[in-house]
Amino acid sequence: MGSQELRLDNLPESIVLEICTYLDLAALVALAQVNRAMRVLSRSTTSFWAAALYQCGLVIPLTEQRPVETFEPVELAQAAHRMTYREANFQSPVPQLRGWKKIRWPFEPLNASVAEAVKHNTETPEGALYTHLIHEYAEWAFFISSLNILRTVHLGSGKLSLIWERDKYHKTEEGARIAWAIDLIGSSEGLMVMNCILRREKGNTYGIRLLKFNLDIKSGEVGIKELGSYVTGGSATHLDISRRYIFFVVALPGAQHDNVGEISMVRLKDLHYLQLPSIYPSIELSIAEEYFISVGISPNQQIWVQIAGLPSPDVEPKDSTMLDSLEWLPVHSYLLPIGGDDLDQMTCRIAHWYIGSKGTVNVWAYLPSDGTRSTFTLEFDIDALRRLTKRYLTGRYTDEEPMRKLFVVEKDAFRAVEETTKSFVVTPSLSGKRFIWWKRVDNPFPNDDNPLYIVEMDSPVDVGEGERETFQLYLSMVEELAPASQTTTDVDEEELKVDRSKHYDNGSATSIRLKTEKRLQIPRGLACRVPDIQLLLIFEWSGTVLVQLVSGDIWVLQYGKH
């Protein structure tokens with residue numbers, strides 16, 4: 001081993017870094033741990049980690065979504081170690097629970113001002129925790145009530161750290177929708193945009209409000225400040241925000257789908273409206289620094305994923321007025337192999353983690369008519385979008401490469417996730433490459449002497465007669481599932497769903513699914529109940545799972561390094 005280390009130390013740095021591009025993250029972490037020269041190099045050179053981080057395709061535990069090479073080598077080293085620790089657990093036969101906390105409803109106020117706000121904002125758990133915002137670091141949980149009140153819970157202390165009621169809806173305002181979005185800036189601050197009703201002398205109108213907040217991890221306190229507002233003309237169905245832009249979707253009157261609408265874009269620094277290129281009415285959208293992604297429905301009921309490039313702040317335009325309208329943006333459109341006349345209840349989620357290279361987006365679509373959850377993985381050319389926007393802004397664009405391109409997604413590009421039991425609920429991670437799900441399991445503790453899937457708590461929980469059917473958590477990777485084309489050839493449409501009482505041939509799509517699932521270790525207090533689960537979230541960044549009960553209680557389960 002010593003001679004091998006000597007030879008590696010004597011290699012030119014350029015050769016060593018070239019070797020690093022062929023190693024995965026776990027190998028690089030091990031190399032940095034056993035070799036002093038490699039440890040120094042890993043904390044002084046970004047390219048030691050860059051290739052492996054770009055290729056992993058998962059959520060990287062860095063403080064912001066921006067290109068990997070813009071971080072300091074030490075930050076990449078810390079992220080790589082944290083990610084390796086998380087993945088080693090998630091990929092083990094039985095992922096181990098490394099910590100947990102139960103936060104009981106009603107949440108304890110962090111300070112006197114929050115306690116005062118609690119007094120005149122009494123809502124049921126179902127109303128108060130109506131919807132949520134994801135905080136990937138798992139330091140806070142953001143909940144928005146059915147009356148448009150924001151509640152922030154500091155997960156470390158388990159206390160309620162903020163109630164924001166500036167734009168509380170009146171119960172008579174039935175047409176007002178709930179929509180919020182967050183863009184984190186590091187780990188201590190961020191921007192937020194929310195639906196609101198702007199109450200003015202000439203009358204009330206629908207709009208959005210822009211906020212900035214500061215997060216104190218140690219104390220758990222949250223500060224919030226209003227930055228401005230904008231009239232939208234309708235209550236937005238979807239919102240998203242980045243450092244430079246706000247996007248919102250207002251539902252089209254008379255549309256078949258309640259949440260389909262036209263995308264609008266506002267420049268953040270001056271709240272100036274920007275004209276966009278022709279995009280299909282959107283059912284879901286997501287913004288990154290260099291592009292935005294929309295899932296839209298065409299007039300003939302086809303589902304399209306459209307990705308439009310955005311101007312880089314580093315490129316100086318030939319004419320400053322070129323940024324006052326963005327109708328010229330390049331758009332790549334991808335036709336998904338699903339569609340039909342039953343899209344009125346379809347829901348979807350865009351799962352994407354921006355790293356500045358290797359554009360990969362995962363789209364999860366759910367059609368209630370057949371119970372299918374389909375996930376599509378798309379590779380898009382981020383360099384082409386970047387190149388076209390730069391050429392246009394600098395006046396060097398020609399027709400050699402068109403601004404709009406069309407692609408057809410093949411059927412083997414997606415996987416189908418299904419199960420017959422109604423208690424089956426799927427939640428994809430932010431990367432879209434893995435998902436957690438829960439269901440009830442009969443007799444989960446046949447042998448209490450070998451509790452593989454539970455962790456004993458300080459006080460024992462008695463398993464009563466009515467507690468034999470219990471809650472369990474599972475983890476699966478999308479790439480380990482059989483492709484949809486194999487699924488449809490293995491079994492007919494009615495038998496596509498998983499039924500655990502049946503026997504499936506080895507190698508069939510269903511048997512592959514059953515073999516790849518991992519049952520997560522959970523606290524006994526959660527395992528020995530039959531709760532009605534209201535919400536299930538996975539924070540892939542920190543390896544944390546949040547389980548919210550209808551009672552309002554929250555379980556925070558940690559499987560990674562916090």
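So for region 173-187 (the condition being part of a loop (DSSP other than H, G, I, E, B), within 23 Å of K561 (Cβ to Cβ) and not assigned by TED's automatic domain parsing to the domain that holds Q65), does at least one residue qualify? Reasoning before the result, please.
Narrowing region 173-187 to residues part of a loop (DSSP other than H, G, I, E, B): 173-179, 186-187.
With the extra rule that they be within 23 Å of K561 (Cβ to Cβ), the set shrinks to 186-187.
Pick out the ones that are also not assigned by TED's automatic domain parsing to the domain that holds Q65 and you get 186-187.
Taking every residue of region 173-187 in turn, at least one turns out to be part of a loop (DSSP other than H, G, I, E, B), within 23 Å of K561 (Cβ to Cβ) and not assigned by TED's automatic domain parsing to the domain that holds Q65.
Among (1) surrounded by fewer than 22 Cβ atoms within 10 Å (Cβ to Cβ); (2) within 21 Å of L184 (Cβ to Cβ); (3) of a type in the set (V, I, T), where does I338 come up short?
(2)
Examine region 171-185 for a residue that is free of Cβ contacts under 8 Å to residues at least 24 places away in the same chain and at negative phi, and state whether such a residue exists. Walk me through it before giving the result.
Going through region 171-185, the residues free of Cβ contacts under 8 Å to residues at least 24 places away in the same chain turn out to be 172, 174.
Add one more test, that the residue is at negative phi, and what stays is 172, 174.
The answer is yes; a qualifying residue exists.
Within the set of pairs 6+ apart or on separate chains, which have a first residue in region 383-397 that is within 17 Å of I307 (Cβ to Cβ), a second that is of a type in the set (F, W, Y) and at pLDDT 95 or above, and C-beta atoms under 6 Å apart?
Final answer for the pair search is L385/Y291; Y392/W328.
So which strands (runs of 3 or more DSSP E) are wholly in region 99-165 and hold at least 3 residues that are hydrophobic (A, V, I, L, M, F, W, C)? Steps first, please.
Values: elements: 99-103, 131-133, 140-144, 150-154, 159-164.
The strands (runs of 3 or more DSSP E) meeting that bar are 140-144, 159-164.
Please state which one of L388, L406 is assigned to a strand (DSSP E or B) and either within 24 Å of the chain's Cα centre (by Cα) or modelled with pLDDT of 90 or more (or both).
Values: L388 fails: assigned to a strand (DSSP E or B).
L406 is the lone residue from the list that is assigned to a strand (DSSP E or B) and either within 24 Å of the chain's Cα centre (by Cα) or modelled with pLDDT of 90 or more (or both).
Is at least one residue of region 226-242 in contact with a strand residue (DSSP E or B) (Cβ under 8 Å, 6 or more places away or on another chain) and either in the same structural domain as I60 (by TED's automatic domain parsing) or more than 20 Å from N148 (Cβ to Cβ) (or both)? Explain how you work it out, then say what you get.
Start the filter on region 226-242 by keeping residues that are in contact with a strand residue (DSSP E or B) (Cβ under 8 Å, 6 or more places away or on another chain), which leaves 226-242.
Pick out the ones that are also either in the same structural domain as I60 (by TED's automatic domain parsing) or more than 20 Å from N148 (Cβ to Cβ) (or both) and you get 242.
The answer is yes, given that some residue of region 226-242 is in contact with a strand residue (DSSP E or B) (Cβ under 8 Å, 6 or more places away or on another chain) and either in the same structural domain as I60 (by TED's automatic domain parsing) or more than 20 Å from N148 (Cβ to Cβ) (or both).
For region 125-134, does any single residue satisfy the condition of being over 21 Å from A236 (Cβ atoms), surrounded by fewer than 17 Cβ atoms within 10 Å (Cβ to Cβ), of a type outside the set (V, I, T) and at pLDDT below 95?
The answer is yes; a qualifying residue exists.
From the list V556, V545, V530, pick out the single residue that is farther than 16 Å from A141 by Cα and either at pLDDT 85 or above or not in a helix (DSSP H, G or I) (or both). Step through it out loud before you land on a result.
Details: V556 fails: farther than 16 Å from A141 by Cα; V545 fails: farther than 16 Å from A141 by Cα.
On inspection, the qualifying residue turns out to be V530.
Name every residue in region 65-108 that is surrounded by 14 or more Cβ atoms within 10 Å (Cβ to Cβ), in contact (Cβ under 8 Å) with a residue 60 or more places away in the chain and of a type in the set (S, T, Y), in order of residue number.
Matches in region 65-108: Y85 only.
Go over the candidates H257, H272 one by one and state the one that is outside the structural domain of L385 (by TED's automatic domain parsing) and modelled with pLDDT under 95. Walk me through how you get there before you give the answer.
Working: H272 fails: modelled with pLDDT under 95.
The conditions single out H257.
Restricting to region 353-383, give me the number of residues that are hydroxyl-bearing (S, T, Y) and out of contact with any strand residue (DSSP E or B) (no Cβ under 7 Å at 6 or more places or on another chain).
Filtering region 353-383 down to residues hydroxyl-bearing (S, T, Y) leaves 354, 357, 360, 366, 369, 372, 374-375, 377.
Now narrow it down to the ones that are out of contact with any strand residue (DSSP E or B) (no Cβ under 7 Å at 6 or more places or on another chain): 354, 357, 369.
Matching residues across region 353-383 total 3.
For residues that are assigned to a strand (DSSP E or B) and at pLDDT below 90, tally how many sit in region 321-364.
Going residue by residue through region 321-364, those that are assigned to a strand (DSSP E or B) are 331-339, 347-351, 359-364.
Filter once more, so that each one left must be at pLDDT below 90: 337-339, 347, 359-360.
Qualifying residue count, region 321-364: 6.
Can you confirm whether region 348-359 contains a residue that is more than 23 Å from R66 (Cα to Cα), touching a residue at least 60 places away in the same chain (Cβ under 8 Å), of a type in the set (F, W, Y) and not assigned by TED's automatic domain parsing to the domain that holds L62?
The answer is no, given that none of the residues of region 348-359 is more than 23 Å from R66 (Cα to Cα), touching a residue at least 60 places away in the same chain (Cβ under 8 Å), of a type in the set (F, W, Y) and not assigned by TED's automatic domain parsing to the domain that holds L62.
What number of residues in region 62-76 are over 11 Å from W49 (Cα atoms) and either touching a Gly at 6+ places or on another chain (Cβ under 8 Å) or assigned to a helix (DSSP H, G or I) (or both)?
5
So G233 ticks every box in (1) within 18 Å of A179 (Cβ to Cβ); (2) within 26 Å of the chain's Cα centre (by Cα) but one. Which box is left unticked?
Unmet for G233, out of (1) within 18 Å of A179 (Cβ to Cβ); (2) within 26 Å of the chain's Cα centre (by Cα): (2).
Do you know which of the residues in region 35-59 that are buried (at least 19 other Cβ atoms within 10 Å of the Cβ) and touching a residue at least 40 places away in the same chain (Cβ under 8 Å) is farthest from the chain's Cα centre (by Cα)?
So the residue we want is L53.
Which condition from (1) of a type in the set (A, V, I, L, M, F, W, C); (2) under 22 Å from T377 (Cβ atoms); (3) within 19 Å of the chain's Cα centre (by Cα); (4) outside any loop (DSSP other than H, G, I, E, B) is the one that A79 breaks?
Against the list (1) of a type in the set (A, V, I, L, M, F, W, C); (2) under 22 Å from T377 (Cβ atoms); (3) within 19 Å of the chain's Cα centre (by Cα); (4) outside any loop (DSSP other than H, G, I, E, B), A79 comes up short only on (2).
The values are calculated or read from the model by the stated rules, or taken from the named source; none is laboratory data. Just so we're clear, the structure is a prediction, and the values are computed from it rather than from any experiment. Using ideal geometry, Cβ is built from the backbone for each residue, glycine included, and neighbour counts are taken over all protein chains shown.
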